[in-house]
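What follows is a short report on a single structure.
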Amino acid sequence: MNVSDRTRRDFLKTLGWGAAAAALPGCLEGERGLFGTGPGERPNIIFIMTDDHAAHALSCYGSKINETPHLDRIAREGMRFENCFCTNGICAPSRAVILTSKYSHLNGVVDNRLEFDGSQQTFPKLLRQAGYETAMVGKWHLKSDPTGFDYWNVLPGQGAYHNPVMIEMGERKKYTGYTTDIITDHCLEWLKNRAGDKPFCLMYHHKAPHRNWQPDEKHADMYKGVDIPLPETFDDDYRTRSDAARQQEMTIERHFQITYDTKVEPPEGIEGYELKKWKYQRYMEDYLACVASVDDNVGRLLDYLEASGLAENTMVVYTSDQGFYLGDHGWFDKRFMYEEALRMPLLVRYPQMIKPGTVHDAMVLNLDFGPTFLALAGVEIPEDMQGESFAEILRGKRPRDWRRSMYYHYYEYPGSHQVKRHYGVRTQRYKLIHFYYDIDAWELFDLEKDPHELNNVYGDPAYIDITKELKAELERLRKKYGDSDELTQKIMKESIKD
Ligand SMILES: [Ca+2]
């Protein structure tokens, strides 16, 4: 790439804008013009993230098990992404990817055991340097203290569901009440008392609905006695798949704990398949009640934005650090590259730019959030960020050269739930996964014919050509993002040492 190509690419990347912008002069004023906001009217950003909220537990994504009226409102008044994926489906790593816009092997947090190096470049730091007021409230989960924020108030580690301790700018304080409410209270408080007229970026991060799903009193009985339908793959026997799918430790049947997860003892005499179904009901009653509290609290925030006049110039983003298995494949938890955990919900409302009620199927990643926010704020996207701005997509367009495949790499093994290390590639139609370390196994799914991923067709003669193509694409992506077996070995030595 020569110098002028690079300059041009940087410019276009900053714009978050495709070929249509190529003719425009390279100045940021021009960019703001493109987005219909003049200088000084950069969007405020509220980035709402929950922990482990699967897209199929939002009614706007077609949930069969619950309703989320307030979250649906963001979709109805904005855009819903059908194909937002995470690059390493576990809590701390996804957060580190979002902050840095770099894959785990570059930001250093490949698993939940490693500490985030807070001296790294992050998008909140860049926004702050560009004149944004920045705040981080709620679940942080990166071990080191937050950096790049004018204000932060976070849960230590996983945090508690009730009467939480929070660390406010380094000072520990204990609060009385339900954590989902308290985090929202802090956000509203911060919004009401902001220093001045700077644009702001608020990270509003819930602990819920993370294990072990402790509802508040208000929602605790909401699903009691409701017969929650079983997912279609509840009885998956992993027949066609590798040992990785069989040897995990996250089944509802064997690993969902009485009483840590169920909170109560099962009814007398219940066993076998009946016990598995009972556990699923208990799981869903609590998980969905936790989600309902999040939904109510997001509603409070949306109401405040309306009442305060902030709604028009504030971009509201809703996502979760990754998806979750809600009994799908007989599991709880996440980690695997299979759809339910790979997919993140992503809803974005920004009245000045986004047509209400739109749905987009472009493949976007947690890697893209930072570049998108920077583009919208008129901040240059650093060359070493690995994501792409989807600002153009928010306007309902599809950049001609948008990605058609994504790369995933999960590392935390041996570890909780014993999901083997794997990396893979997903295209619109196919998914190829390689499990490695103490196994060497491949899986291939034709998502068009087999959306539930029950039929591994790796090795099937009908798929020889596509397998070759996918392996080449996987290698291309690994090279593009700078991942390799050697790097993995080096990083995992560090992790396991801890
Ligand atoms: Ca999580």
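The values are calculated or read from the model by the stated rules, or taken from the named source; none is laboratory data. The shown structure was predicted, so the numbers you read here are calculated from the model rather than taken from an experiment. All Cβ positions, glycine included, derive from the backbone under ideal geometry; neighbour counts span all protein chains shown. Accessible surface is based on the protein model in full, side chains and every heavy atom, while ligands, DNA and RNA are left aside. Shrake-Rupley method; radii C 1.70, N 1.55, O 1.52, S 1.80 Å.
Below are the figures for this structure:
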item: Cβ-based charge dipole, the chain, positive-most Cα from ASN107, ILE381, VAL264; result: ILE381
item: Calculated [θ] (222 nm, deg cm²/dmol) that DSSP helices of n ≥ 4 give over the chain, each run adding -39,500 (n - 2.57); result: -9000 deg cm²/dmol
item: Karplus-derived HN-Hα couplings along the range 367-377 (A = 6.51, B = -1.76, C = 1.60, θ = phi - 60°), whole Hz, x at Gly and Pro; result: 4, 8, 4, x, x, 5, 5, 4, 4, 5, 8
item: Listed pairs LYS102/LYS490; LYS125/LYS493; LYS143/LYS490; LYS224/LYS420; LYS449/LYS471 exceeding 25 Å between Cα atoms; result: LYS125/LYS493; LYS224/LYS420
item: Accessible surface ranking that places the most exposed of ARG211, ARG398, ARG349 first, with a 1.4 angstrom probe; result: ARG398, ARG211, ARG349
item: Per residue, in Å², the accessible surface of the chain once ligands and nucleic acids are set aside, probe 1.4 Å; result: 39 Å²
item: Residues listed by number, the range 322-350, amide nitrogen under 17 Å from GLN257 label point at 7 Å toward C-beta; result: 332-334
item: Student exercise, the range 407-497 dipole from Lys, Arg, Asp, Glu Cβ charges, in Debye to nearest 20; result: 380 debye
item: The range 407-497 - percent relative contact order, Cα under 8 Å, separation 6 or more; result: 18 percent
item: Rounded to the nearest 10 Å², the accessible area of MET492 at probe 1.4 Å; result: 10 Å²
item: For LEU126, solvent-accessible area (1.4 Å; no DNA, RNA or ligand), Å²; result: 30 Å²
item: Accessible area of the range 176-229 belonging to carbon and sulfur atoms, whole % at 1.4 Å probe; result: 47 percent
item: Solvent accessible area, Å² - HIS255, 1.4 Å probe, full protein context; result: 40 Å²
item: Farthest toward positive dipole pole in the chain [+1 Lys/Arg, -1 Asp/Glu at C-beta], among LEU142, VAL457, PHE336; result: LEU142
item: With at most 10 neighbouring Cβ atoms within 10 Å, loop GluC sites (Glu not before Pro) (DSSP) excluded, longest segment of the chain; result: 1-216
item: Potential extension, ASN455-VAL165 segment - 0.36 nm per residue separation minus Cα distance; result: 99.8 nm
item: Check: the range 282-434 dipole with +1 on Lys, Arg Cβ and -1 on Asp, Glu Cβ, in debye; result: 720 debye
item: Å³ per residue enclosed by the Cα convex hull of the range 407-497; result: 104 Å³
item: In the range 386-422, the trypsin sites (Lys or Arg not before Pro) that fall in loop regions by DSSP, at most 14 other Cβ within 10 Å; result: ARG400, ARG404
item: SER119-LYS493 FRET efficiency (beta carbon distance; Förster radius 35 Å; 0.05 resolution); result: 0.95
item: Share of pairwise Cα separations in the chain, more than 37 Å, in percent; result: 25 percent
item: Percent RCO, i.e. relative contact order, over the range 248-314, from Cα pairs under 8 Å lying at least 6 residues apart; result: 23 percent
item: Theoretical gain in end-to-end length, SER416 to GLU312 [0.36 nm per residue, Cα-Cα removed]; result: 33.1 nm
item: Cβ charges +1 (Lys, Arg) and -1 (Asp, Glu), total dipole of the chain, debye; result: 1200 debye
item: Spin-label model distance (nm) - GLN352 vs ARG403, 7 Å beyond Cα toward Cβ; result: 2.8 nm
item: Using a Förster distance of 30 Å, the FRET efficiency for GLU217-ASN193 (Cβ separation, nearest 0.05); result: 0.55
